[in-house]
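> Sharing a structure with you now.
The values are calculated or read from the model by the stated rules, or taken from the named source; none is laboratory data. Bear in mind the structure is a predicted one, so any value in this text is a computation, not a measurement. Ideal geometry is used to build each Cβ from the backbone, glycine not excepted, and the neighbour counts take in all protein chains shown. These accessible areas exclude ligands, DNA and RNA; they are computed on the full protein's heavy atoms, side chains included. Shrake-Rupley method; radii C 1.70, N 1.55, O 1.52, S 1.80 Å.
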Amino acid sequence: MIKSLITCDCLGSQKIDAEALSRTTGLDVRPPCSALCTKELPRAAEALTQGDTIFCCTQEARVFEALAEDMDLPAAPTLDLRDRAGWSADPASKVAKMSALVAEAMLPAAPEKTIDVISEGVCLIVGPAEAALAAAEQLRDHLGVTVLLPPGADIPDTRAFDVITGRLRRAKGALGQFEVVIDALRMVEPGGRGGFTLTEPRDGGASQCDILLDLRGDTPLFPAHEKREGYLRADPNHAAAVSAAILAASHLTGTFEKTMHVRMEPLLCAHSRAEQTGCTRCLDLCPTGAITPDGEHVSVDPLICAGCGACSAVCPSGAISYDAPPVDLTMRRVQALAKAFLDAGGTAPRLLVHDDHGAEMIRLASRHHTGLPADVIPLELPKVGAFGHAEIVAALAAGFASVALLPGPNADMDAIGPQVELARAIGGATRVTVIDTPDPEALSDTLYGAEAPQPLDTANVRPMGTRRQITRQAARALNPVAEVLPLPEGAPYGAVLVDQDACTLCLSCVSLCPSGALGDNPDRPELRFQEDACLQCGLCANVCPEAAISLQPQLDLTPAALTQRILKEEEPFACIECGKLFGVKSTVEKITEKLQSHSMFAGDRLRMVQMCDDCRINAQYHSDDNPFASKPRPRPRTTEDYLSKRRDH
């Protein structure tokens, strides 16, 4: 069934060409209403009864949801064509832009993956006595409260909540699963007359809690503490902040759904091999410490992960990929926006990637300023950091003239910056920008003042595959003449360089290469390399005993990158006994030269170095000092032997 778009010009504040939209989108676009959420609400009710309806208004989504609930019908989806397109000072037609936004909205949404987090309301309050005890008094009716006071603090005469003293050594975990270790721990011994007595202090006391309220006013217990769910921190001298933390803690009981932001493929991870460290890109960037080494790969704690997306953007192998939404859905959204805009007659579209904070800036700029230009298409993501270099160059290859990132106030610029630099090296320095401003008016002015470069004639392609494959396809479309693109240091694409004089073809690098980019030849001493498979993880350089390997970041766009080429080859050595080829001739000759004056290799022993495995064993077996020889086997004892020793025989 053809879906219907119910549009509204919002009291005549925007122009909607329903006939043109119907033609470009292939949907049933009704003539626009003027006050759909108030006077013309019966038209919304009629549309709900017909089904397959989309209301082009997100501001009044609650009104339409309440209407559907009253009619005992499923709520219709909503789409914003006003703030993102209609409310704009740009005199150009908005049909192409609206068509693109409609096409994106028609894509099926991916189901969100979540896990249940259970909090039973066990709360540990840490801080000075005055602030911590006051907070405990307010929370004791809502949570199971324990207060940790500094050593030597006075213990109150109350059993409404538990009080202990000590020093918090460390804490780990998140909401529902905090684990703390306390030194100099002393607990109350109830009973007796007078003040409470305390147990003897002991170190290393371990405990668990669901909520951790930190009122110390000291260094946070966790990195990126504001992203750690269940950890509430406030300055004890700031009453408003303490009250807000107490209020938040009182609501943290029950079962909560935690989004699983990333998906792991451990077999693809290039973190480590044979206890040698390789790729650490995700470990270096994770702001919350959710990623930790786990043998030859890394592990992600979903309870600590805040979903910034930096790990997915920098992962060279795809072992970690963003999953909320999945990477492939983001790629399809980008391609749908570009294709629909161009098919509707638009030219040189610009992509603006933003998060929920950016969405609010767009709404404010549209209502109170000039809004977005007609050629700027917004793409909202949970985190801007998840839109890495692969997504940027894919957007440029799909037909966007430029890509601008609008990071929110909590965005990790240390992660976004290198991705932008890499995307500029591949797609062009003028085509990728970062708009770092919290001012909605400045956002509009920047977009209106920017001159969008013309898209390349070779663009407008739809690359498919993994992020690496998409990057390569997009790079070839964006650089039709170039053969090799130099990339910044730390890029996940590049070549392996071998010092011909230092390399002994020991092939240690081949056995540890996690992606199979380095290989050998079973018939000859050769080191082979396939550039498109290289992750630039550095394992080969780390394990090379001769320090003969170095890395060169680049992107080879020629077909040669897809095939194996020989980095180092030498003539094999022929066994002096049977003539069988084995080893490397230069290596065998070098070893022979170094050992010829050694006392342990006098006589024929030196010749064994020049023999293959079979001939060497045969020569050792027949030598005078055969290492395989053993003492003569004892003679079996017979009946005659036993009888000969009997005295009565």
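> How high is the relative contact order of the stretch 513-599, in percent, counting Cα pairs under 8 Å that sit 6 or more residues apart?
Reported as a whole number, the value is 27 percent.
> Okay, moving on. Starting from the stretch 212-309, pick out the GluC sites (Glu not before Pro) whose DSSP state is loop and whose Cβ has at most 11 other Cβ atoms within 10 Å.
E275
> With a cap of 11 neighbouring Cβ atoms within 10 Å, and only residues DSSP puts in a loop, list the chymotrypsin sites (Phe, Trp or Tyr not before Pro) found in the stretch 568-633.
In loop regions of the stretch 568-633 (DSSP not H, G, I, E or B), the sparsely surrounded chymotrypsin sites (Phe, Trp or Tyr not before Pro) are F628.
> How much accessible area per residue does the stretch 1-116 have, in Å², with a 1.4 Å probe?
52
> Between the stretch 89-152 and the stretch 1-52, how many Å separate their Cα centres?
35
> If you build the Cα gyration tensor of the stretch 406-561 and take the root of 5 times each eigenvalue, what three semi-axes come out, in whole angstrom, biggest first?
Square roots of five times the eigenvalues give 38, 19, 12 Å.
> Write down the percent of antiparallel bridges among all DSSP beta bridges whose residues are both part of the stretch 30-188, to the nearest 5.
40
> Another question about this same structure. About its Cα centre, how strong a charge dipole does the chain have in debye, to the nearest 20, once Lys and Arg get +1 and Asp and Glu get -1 at the Cβ?
Roughly 1460 debye, rounded to the nearest 20.
> Solvent-accessible area per residue for the stretch 560-649 at a 1.4 Å probe radius, Å²?
81
> Also, I was wondering about something else. Which sequence of T433, T639 reflects their accessible areas, 1.4 Å probe, from the largest down?
Ranked from most to least accessible, the order is T639, T433.
> Search the structure for amide H atoms under 5 Å from the amide H of D294, placed 1.01 Å from N in the peptide plane, and list their residues when 5 or more places away or on another chain.
Answer set, sorted by chain and number: S299.
> Another question, then. State, as an integer percentage, the relative contact order of the stretch 266-413 based on alpha-carbon contacts under 8 Å between residues 6 or more apart.
24
> When the C-alpha atoms of the chain are aligned to their principal axes, what extent does each axis show, in angstrom, from largest down?
Cα extents, longest axis first: 125, 90, 51 Å.
> At 7 Å along the Cα-to-beta-carbon direction for both C506 and L595, put a label point, then send me their distance in nm to one decimal.
1.6
> Moving on to the next point. Helix-derived [θ] at 222 nm for the chain: sum -39500 (n - 2.57) over DSSP H runs of at least 4, divide by residue count, nearest 500?
That calculation yields -8500 deg cm²/dmol at 222 nm.
> Let me ask something additional. Only bridges whose two residues both fall in the chain count here: according to DSSP, what percent of them are antiparallel, nearest 5?
60
> Straight-line reach from K594: which lysines fall under 19 Å, measuring Cα to Cα and dropping same-chain residues less than 8 apart?
K585
> So for the pair S644, T49, with labels modelled 7 Å out along Cα→Cβ, what separation do we get in nm?
12.0
> Given the pairs K97/K258; K258/K339; K172/K227, which are separated by over 24 angstrom at their Cα positions?
K97/K258; K258/K339
> With every protein chain kept in place and ligands, DNA and RNA left out, what is the accessible area per residue of the stretch 416-538? Probe 1.4 Å, answer in Å².
Accessible surface, normalised per residue, equals 48 Å².
> Next question, about the same structure. Name the residue farthest towards the positive end of the dipole of the chain from the options M71, A310, Q138, assuming +1 on Cβ of Lys and Arg, -1 on Cβ of Asp and Glu, about the Cα centre.
A310
> Now for a separate question. Which order do you get for E640, E65, E531 if you rank them by accessible area with a 1.4 Å probe, largest at the top?
So the residues, ranked largest to smallest area, are E640, E65, E531.
> Please name whichever of A394, C513, T446 sits farthest to the positive end of the charge dipole of the chain, dipole taken about the Cα centre and charges placed at Cβ: Lys and Arg +1, Asp and Glu -1.
C513
> Can you send over the carbon and sulfur percentage of the accessible area for the chain, probe radius 1.4 Å, protein chains only?
The value for the chain is 51 percent carbon and sulfur by accessible area.
> Give me the net charge for the shell around D439: Cβ to Cβ below 13 angstrom, other residues only, Lys and Arg +1, Asp and Glu -1.
For residues surrounding D439, the net value is -4.
> For C209, what charge total do you get from the other residues with a beta carbon under 14 Å from its beta carbon, if Lys and Arg give +1 and Asp and Glu give -1?
Computed value for this residue: -3.
> Let me have the relative contact order for the chain, percent, based on Cα pairs under 8 Å that are six or more residues apart.
9
> Rounded to whole Å, give me the distance from the Cα center of the stretch 538-596 to that of the stretch 53-76.
69
> Work out the charge dipole of the stretch 232-349 with +1 on the Cβ of Lys and Arg and -1 on the Cβ of Asp and Glu about the Cα centre, then indicate which of T292, L342, A234 is farthest towards its positive end.
Checking the options against the dipole of the stretch 232-349, the answer is L342.
> Of all the stretches in the chain, which is the longest one without any exposed loop site, taking trypsin sites (Lys or Arg not before Pro) in a DSSP loop (any state but H, G, I, E, B) with at most 16 other Cβ atoms within 10 Å?
That gives 194-579 as the longest site-free run.
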